[in-house]
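Worksheet: one structure, shown below.
The values are calculated or read from the model by the stated rules, or taken from the named source; none is laboratory data. Treat the numbers as computed from the prediction; the structure is a model and nothing was measured. All Cβ positions, even for glycine, are placed from backbone atoms using ideal geometry, and neighbour counts span all protein chains on display.
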Amino acid sequence: MPQIDRTPSPVDSRPHVVIVGAGFGGLACAEALGGTNIRVTIIDRNNYHLFVPLLYQVATAALSPADIAEPIRRIVSRHPNIDVVMGEVTGIDRTAKRVELADGSFVPHDRPYDRLVLATGSSYSYFGHDDWAEIAPGLKTIENARRIRARLLMNFEQAEMCEDPARQKALMTTIVVGGGPTGVEMAGAVAELARFTLARDFRRIDPRTARVLLVEAGPRILSTFPDDLGQYARRKLEELGVVVLTGQAVESITPEGATVGGRFIPAGAIVWGAGVKASPAGSWLGVETDRSGRILVNADMAVPGVPDVYALGDTAALAGDDGKPLPGLAQVAKQQGEHLGGGLEASLLRGQPLEPFRFRNRGNTAIVGRSAAVFDFGTRKLKGWFAWVLWAIVHVYLLVNFHKRVLVTMQWLWRWATYQRGARLITTDRPVSAAESVTSPHGGSAEPFRDVRRGQG
């Protein structure tokens, strides 16, 4: 009978950094620590890194989820000092220096962490109307992007079968809430989907007559961009047929539509992109946060009053050179992650103090439609075709590996040349009958889209 080795495993004496969240910031921090004599553990509720800025293209059938997501383990596999734990964080034991997971386990289990990095991102804020989230999903997860895609495509299918002109019109109406970059990009993409991709696919309806409404409570869209770029974006959206409603707030949302500026607008799909709130990381620590729930941090991203804990990206409120909080952009989180990773290596291995973080703005951009985008560099501005090309280059560059970059580039070129989209799949847990599409309040219930299969599309 073989002997069992009962010798206890040696305790890993290397400094241990635990990173919660594998978004742009968390992953950049881990990569900066890769290959060093520091033990790194990444914790994320998903097993993949998601390129959130391109989720709207999944929602509008331009790309598949696999095009913009990559397994975390594959990304960091070349670094033997980095481990990955799939789990949902529910709290932090500040005394024991451990992270608590939803299943009751703790990370690390063997000894306290030496440094903790919180890069847990953000979600959409419904301004006290959380019940709207089921009817008007936002673009933060693959599941929601696929729900939106299924709803948009199914609305056209149901309109094709519907005999009531009023219901047809409602089904072919999409409301996008929020005039920031996400809302602008989503509204333009839905308009292009209807007017170009689906234009010849139906016999009883004309998808080119579909209505897309972009609703912004503020005085103009793209408020973080210079005024002339915002005006250009509005003009290009209107050329695509998008109705831009500024200075009008959404007052209520139901499965049948939304009330905007005192007027009820029947709609088959509503997409939310109006505001964000930080993850509950601040409540885990019991520290001060801003109005959006972001943790107020020092210049080196350390959390005041909580030793050895840092926050970055959408989780942190850190002022830039102008005194205003840095925006929730991928480039901000990525730069913060790289800076903090390098600083933690110098601190843990060589005893050097962390340097303050300084953001280097490489421009803010938004795509408006086919061959049209805006780009703001602060001192310079671009709009039109060249800005669109630059937008594409930047987003391809930010994808995590060469294979994804080539794949997405080829799909974009094919889509630009042919006006077609390849991911036009409706994946629901059950089929929707013709009877349902006619007898439901607006020609088709939102109910079938609440649970979309996760293994396809």
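Annotations
- Of the residues examined, I221 is one that is under 18 Å from T174 (Cβ atoms), in a loop (DSSP other than H, G, I, E, B), modelled with pLDDT of 95 or more and in the same structural domain as M186 (by TED's automatic domain parsing).
- Single residue of the range 60-85 satisfying the filter (touching a helix residue (DSSP H, G or I) at 6+ places or on another chain (Cβ under 8 Å) and among the polar types (S, T, N, Q)) that is farthest from I142 (Cα to Cα): N81
- Residues of the range 26-38 include none that is in a strand (DSSP E or B), at pLDDT 95 or above and in contact with a Phe, Trp or Tyr (Cβ under 9 Å, 6 or more places away or on another chain).
- Any pair with Cβ under 7 angstrom, 6 or more apart, that starts in the range 37-52 at a residue that is among the aromatic types (F, W, Y) and ends at one that is part of a loop (DSSP other than H, G, I, E, B): F51/I68; F51/L399
- Number of residues in the range 158-181 that are buried (at least 21 other Cβ atoms within 10 Å of the Cβ) and assigned to a helix (DSSP H, G or I) equals 7.
- Of the strands (runs of 3 or more DSSP E) lying entirely inside the range 53-145, those containing at least 3 residues that are within 15 Å of the chain's Cα centre (by Cα) span 122-124.
- Of the strands (runs of 3 or more DSSP E) contained entirely in the range 229-274, those carrying at least 1 residues that are without any contact (Cβ under 8 Å) to a residue 40 or more places away in the chain fall at 242-246, 250-254, 257-260, 263-266.
- Test for R151: is it closer than 30 Å to A274 by Cβ, part of a helix (DSSP H, G or I), touching a Pro at 6+ places or on another chain (Cβ under 6 Å) and of a type outside the set (A, V, I, L, M, F, W, C): no
- Residue match in the range 349-364 (condition: under 20 Å from the mean Cα position of the chain (by Cα), surrounded by 18 or more Cβ atoms within 10 Å (Cβ to Cβ) and of a type in the set (A, V, I, L, M, F, W, C)): no
- Only listed residue being buried (at least 17 other Cβ atoms within 10 Å of the Cβ) and modelled with pLDDT of 90 or more, chosen from F375, F386: F375
- Cβ-Cβ under 6 Å pairs, at least 6 apart or on other chains, the range 170-182 side of a type outside the set (F, W, Y), far side assigned to a strand (DSSP E or B) and at pLDDT below 95: P181/A366
- Looking only at the range 397-414, and only at residues there that are under 19 Å from the mean Cα position of the chain (by Cα) and in contact (Cβ under 8 Å) with a residue 40 or more places away in the chain, the one that is nearest to I72 (Cα to Cα): V400
- When the range 53-72 is filtered for residues that are touching a residue at least 40 places away in the same chain (Cβ under 8 Å) and small (G, A, S), the ones remaining, listed by number, are A59, A61, A62, S64, A69.
- The single condition among (1) in a strand (DSSP E or B); (2) farther than 25 Å from I92 by Cα that K277 does not satisfy is (2).
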